[in-house]
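Below: one structure, written as structure tokens.
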Amino acid sequence: MQDTFYIKNMVCNRCIASVLDIFNAEGFVVESVELGKVTAIKGLESSFKNLSKVLAKTGFEVIESETDTLIEQLKVAIINKIESGETAHIFKTLAKEFGKTETALSKLFSKSEGITLEKYTINLKIEKVKEYIQLGELNFSEIAYSLNYKTSSHLARQFKTVTGMSMSTYKRLGNWDRKTLDQIV
């Protein structure tokens with residue numbers, strides 16, 4: 001019988017590869033894997049308890065509660081929207097996708113993660129800005145536009161508030177101090 005597992009902190013391609021390796025090593029037959037979610041069939045030698053232990057050793061966790069599953073799905077949705085540049089009206093869009101009000105999603109997220117949904121999204125965007133700066137393919141105005149900021153000065157203020165330095169300083173220093181997506185809370 002096929003089971004769906006929601007995995008906490010599985011938010012990047014490296015995470016997918018690690019989790020896939022763990023499932024395979026533990027004797028599960030993986031049908032599909034995507035950010036935050038694995039669909040697999042338990043093999044004869046497979047043990048859910050052992051799978052959970054091995055995942056925990058590498059910083060992952062099988063999510064068992066509905067609320068935690070929703071929060072992880074919300075994080076993955078935000079990451080996907082930022083990656084694809086679909087950040088205009090992001091909270092309204094997410095509320096519609098999840099069948100909840102913006103307020104309900106925000107309260108649930110804040111209660112679970114200890115940070116507001118807006119602050120979490122801003123932190124993700126700033127990490128994306130760092131990535132764009134590091135790649136050197138876009139100027140600051142183009143970066144702001146790609147992330148749906150109304151002005152590049154708005155992005156510049158947010159960047160400085162979050163990092164403590166201007167985008168120019170960050171670029172000039174070349175110290176690419178970036179957080180992995182699973183470290184952003």
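Does Leu105 meet the test of being aliphatic (A, V, I, L, M) and under 30 Å from Thr4 (Cα atoms)?
Considered against the rule, which asks whether it is aliphatic (A, V, I, L, M) and under 30 Å from Thr4 (Cα atoms), Leu105 comes out as yes.
Residues Asn123, Asn175, Asn148, Asn139: which one is at pLDDT 95 or above and out of contact with any Gly (no Cβ under 7 Å at 6 or more places or on another chain)?
None of the others qualify; the one that does is Asn139.
Select from the stretch 99-121 the residues that are open to solvent by 30 Å² or more (accessible area, probe 1.4 Å), assigned to a helix (DSSP H, G or I) and out of contact with any helix residue (DSSP H, G or I) (no Cβ under 6 Å at 6 or more places or on another chain) and list them in ascending order.
Across the stretch 99-121, the qualifying residues are Thr103, Ala104, Lys107, Leu108, Ser110, Lys111, Glu113, Glu118, Lys119.
Consider only pairs whose beta carbons are under 7 Å apart and that are at least six residues apart or on different chains; among these, list those whose first residue lies in the stretch 120-134 and is within 15 Å of Ser152 (Cβ to Cβ) and whose second residue is of a type in the set (D, E, K, R).
Ile133/Lys171
Considering only residues of the stretch 122-139 that are in a helix (DSSP H, G or I) and over 18 Å from Ile78 (Cα atoms), which is most open to solvent (accessible area, probe 1.4 Å)?
Leu135
If we keep just the residues of the stretch 80-97 that are at pLDDT 90 or above and open to solvent by less than 30 Å² (accessible area, probe 1.4 Å), which is nearest to Ile126 (Cα to Cα)?
Ile82
The values are calculated or read from the model by the stated rules, or taken from the named source; none is laboratory data. Because the structure is predicted, anything quoted here is derived from the model rather than measured. Cβ: placed from backbone, ideal geometry, glycine included. Neighbour counts: every protein chain shown. For accessibility, only protein heavy atoms count, side chains too; no ligands or nucleic acids. Shrake-Rupley method; radii C 1.70, N 1.55, O 1.52, S 1.80 Å.
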